[in-house]
């Protein structure tokens, strides 16, 4: 589904007004939460719901819709902007259409550890990027963890870029991701998550890339034999809310919601780390081959990005391209 021309124009101009349902001004406030299909996010959402209700003394009710029940990222983002969905967990690649500097979160091989990613998110530079969401009538409520993305296929072991040459693979709908995989020699095709497993089973695609938390929850290892810990992108997922809707809540509900989102972030990240640590055993017990890249092999992937000007593509898409240079140097 694509934005209408009118909506897209308003989004880019940053002038869209939020529709604030009367429910938000009532004594009992109900917010719909559009969540994704990863076990850590689905399980941790219980904390968000419980804390919001407890801290608001029953005034704030969160209705949880997991597994993309309310639509894909683009649909959910549009609905949050219109005020129809209260909270939405959205891919950074989709938010980058509104805040171009968020393209840095989809640039491959900029983080070597989760700690580096969270350091950026908590830094002034990180806030300089995410604070721009408010200019689009969005409020950042939390930064969730999906973790490092890994490459899987049914053909052979993958260690270096040459190993993916010609493979038909599913990627996110991101110009940066598409350019990176083309540079590495694969044949990338964006497709919705619901099409991935059938596509792998039917041979429409040979491979895909995804964080362990998603692969475990969706049992992707049952249809992919070779799993390579390429760890090419550390995926964070912002939890966002319509800013005007948030501002319309009374102080008690605002504070309750902020506490609930903070508790959700803490629990979700903890569960993501636990699932990520357990993934290798789950894969090998099922009979998959797990390959871990050496530092030298990882450098081959990054070198190709530099030679094929993928980082230059990221810079061109950004409002402040110097931010990427700082991040690549670890200067944040």
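Laboratory data are not the source of any read-out in this text; all were calculated from the coordinates shown. All of these numbers come straight from a predicted model, not from anything done at the bench. Reconstructed Cβ throughout: ideal geometry from the backbone, glycine too, with neighbour counts over all protein chains shown.
Structural remarks
- Burial ordering of 138, 200, fewest other beta-carbon atoms within 10 Å first: 200, 138
- Largest first, the extents of the alpha carbon coordinates of segment 225-295 on the three principal axes equal 53, 21, 21 Å.
- By the Cα gyration tensor, segment 52-205 has an equivalent ellipsoid whose semi-axes, rounded to whole angstrom, run 32, 20, 15 from largest to smallest.
- Helix axis angle, 73-82 relative to the chain longest principal axis, alpha carbon, degrees: 20 degrees
- Using a Förster distance of 56 Å, the FRET efficiency for residue 201-residue 319 (Cβ separation, nearest 0.05): 0.85
- Residue order, fewest to most beta carbons within 10 Å, for 155, 244: 155, 244
- Per-residue extension of 0.36 nm, minus the Cα-Cα distance of residue 54 and residue 296, leaves a gain of 82.1 nm for this segment.
- Angle between the chain longest axis and helix 39-55 axis [Cα atoms, degrees, rounded to 10]: 20 degrees
- Distance between the pseudo-spin-label points of residue 123 and residue 331 (7 Å out from Cα toward the beta carbon): 1.0 nm.
- For segment 134-199, the Kirkwood hydrodynamic radius from C-alpha pairs, put into Stokes-Einstein at 10 °C and a viscosity of 1.306 mPa s, yields a diffusion coefficient of 113 µm² per second.
- Two-decimal Rg/Rh across the chain, once Rg and the Kirkwood Rh are taken from alpha-carbon atoms: 0.97
- Using every pair of separate Cα atoms, the Kirkwood estimate puts the hydrodynamic radius of segment 199-332 at 18.7 angstrom.
- Pair residue 307, residue 223: separation of 7 Å Cα→Cβ label points (nm): 3.4 nm
- Distance between the 7 Å Cα→Cβ label points at residue 259 and residue 112: 4.1 nm.
- Estimated purely from DSSP H runs of n ≥ 4, each contributing -39500 (n - 2.57), the mean residue ellipticity at 222 nm for the chain is -13500 deg cm²/dmol once divided by its residues.
- Helix 175-184 vs. the chain, principal-axis angle (Cα, 0 to 90°, nearest 10): 10 degrees
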